[in-house]
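Following: one structure in structure tokens, then a few remarks.
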Amino acid sequence: MTRKVKFTNANKSTFYNTVRKRVDAYFIENNISTHANAAMWFKVFFFITGLTGIYLLLLLGNLSLPIMLLLAILLGMFGAFVGFNVCHDAIHKALSPNPTVNKIFSFVFNLIGASPYVWNICHNIVHHTYTNIAGHDEDIDVAPGLIRFSTSETVNRVQQYQHFYAFALYSLAMLSWVFRKDYKKFFQKKIGEHVLSHPKIEYFNLFFYKAIYYFLFIVLPLLVMNISWWEFIIGFLVMQFAQGLVLGLVFQLAHVVESTEFPFPNEAGNIEEAWAAHQLQTTANFAVESQLAAFLCGGLNRQVEHHLFPKICHIHYPAIGAIVKQTAAEFDLPYNECITFGDALKSHYRMLRKLGKETYKENRYVNRETELTIYTAPIS
């Protein structure tokens, strides 16, 4: 694909105008800020304190190996939760009306292994615009050749089994992010069809903040902790696997389930749909009635509301969710949701099976250009 996608159905743009007016009215009538409230700041304190406390306990606690292994798992999980609940909102500028506050909490992203600058490009700019469009949204370009997420992609023999091994690959997500993904994305000429041009300071920032992470999570533990090098490697990998699995599951359950779509541009390079309608078609909520999911996932279990209103703090998503759902019904647009986390997980599994094994059995040459070779008998 060589051109930027345009959303061309202006008729359905009235949905977004309507739902935005209703959501704006909710905040005005209730005299509520769209940014963090007291409950949100408690979450910020809880997750950052939890992450710091677990890290220091591991570093200085001199605990038994089984306890340290458990803490390594918790450290990885809390790294994901800090990303969901704190950094994600801050990078979207949804945490605070003060740009400096958002910048400070965005910086925390560096301390859990990821570049906020690169994430802003990949996620805020590209993913939120071109959701689930192959060739544009690189969030669905997970382990190319091993995992097939879009019907527009080819299929291979290995992908017949992706519904089994995909979850193991998700656990490698953070390990890749820490050592590979940010560098790869940063030095690409384009992310999707978004052409990259970085300020010079960002070259320094990428390597400097990665070095700080490597020092905090590799060098300092090896210097301070009373463990062997191989015990450290086990603990480090366990932490990364735990963080990667949590990240992978939450992200994929929001976009790769049976109810979501993977639209493909027409010959003119356009999506014949309004942008907001496209977001409803390509995103899904899960476990919206679960208080635990709401607390841990940072609003990412309410992906529909997040994609329509990314600059509203996720603490408000339950309140505006009813408005979005009702308005979508009025405009005959989908509002995708799985009742529980388990339902979403099962749906994702079935989707992996459908896009892998079932597609391969039905047509292993799908989306491949086949060439017909004509043999001419030699003239005797």
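A few points about this structure:
- Cross-link table Lys185/Lys325; Lys103/Lys200; Lys103/Lys181; Lys43/Lys103; Lys93/Lys354, entries beyond 29 Å C-alpha to C-alpha: Lys185/Lys325; Lys93/Lys354
- Within the accessible area of segment 242-380 (1.4 Å probe), percent carbon and sulfur: 55
- Annotation: lysines with alpha-carbon distance below 22 angstrom to Lys357 (same-chain offsets under eight excluded): Lys346.
- For segment 237-362, the calculated P(r) over all alpha carbon pairs, in 5 Å bins from 0 to the bin holding the longest distance, is 2, 10, 18, 20, 19, 15, 9, 5, 2, 0 percent.
- Neighbourhood charge, 11 Å Cβ-Cβ cut-off, centred on His123 and excluding it, Lys, Arg +1 and Asp, Glu -1: -2
- Space enclosed by the convex hull of the alpha-carbon atoms of segment 173-309, per residue, Å³: 173
- Distance between modelled label sites at Glu202 and Asn37, nm, 7 Å Cα→Cβ extension: 3.5
- Along the chain, longest interval not containing exposed GluC sites (Glu not before Pro), exposed being DSSP loop plus at most 15 other Cβ atoms within 10 Å: 1-257
- In segment 292-348 the Cα-Cα distances spread across 5 Å bins starting at 0 as 4, 18, 27, 25, 18, 8, 1 percent of all pairs.
- Segment 129-184: equivalent-ellipsoid semi-axes (sqrt of 5 x gyration tensor eigenvalues, Cα, Å): 19, 17, 9
- Longest DSSP-loop-exposure-free segment, chymotrypsin sites (Phe, Trp or Tyr not before Pro), the chain, at most 14 other Cβ within 10 Å: 1-364
- The chain: DSSP helices with Cα axial extent of at least 15 Å and average Kyte-Doolittle hydropathy no lower than 0.5: 38-60, 65-82, 99-111, 229-253
- Eigenvalues of the alpha-carbon gyration tensor of segment 169-208, scaled by 5 and square-rooted, set the equivalent ellipsoid semi-axes at 21, 15, 5 angstrom, largest first.
- The chain: radius of gyration and largest Cα-Cα distance (Dmax), Å: 22.4, 92
- A straight line joining the Cα centroids of segment 237-258 and segment 93-163 runs 12 Å.
- Accessible area in square angstrom per residue, segment 17-124, 1.4 angstrom probe: 46
- Per residue solvent-accessible surface (Å²) - segment 150-199, probe of 1.4 Å: 50
- For a label point 7 Å along the Cα-to-beta-carbon line of Trp229, residues of segment 164-188 with backbone N under 11 Å: none
The values are calculated or read from the model by the stated rules, or taken from the named source; none is laboratory data. Model, not experiment: these values are computed from the prediction. Ideal geometry is used to build each Cβ from the backbone, glycine not excepted, and the neighbour counts take in all protein chains shown. Please note that ligands, DNA and RNA were not included when accessible areas were found on the heavy atoms of the full protein model with its side chains. Shrake-Rupley method; radii C 1.70, N 1.55, O 1.52, S 1.80 Å.
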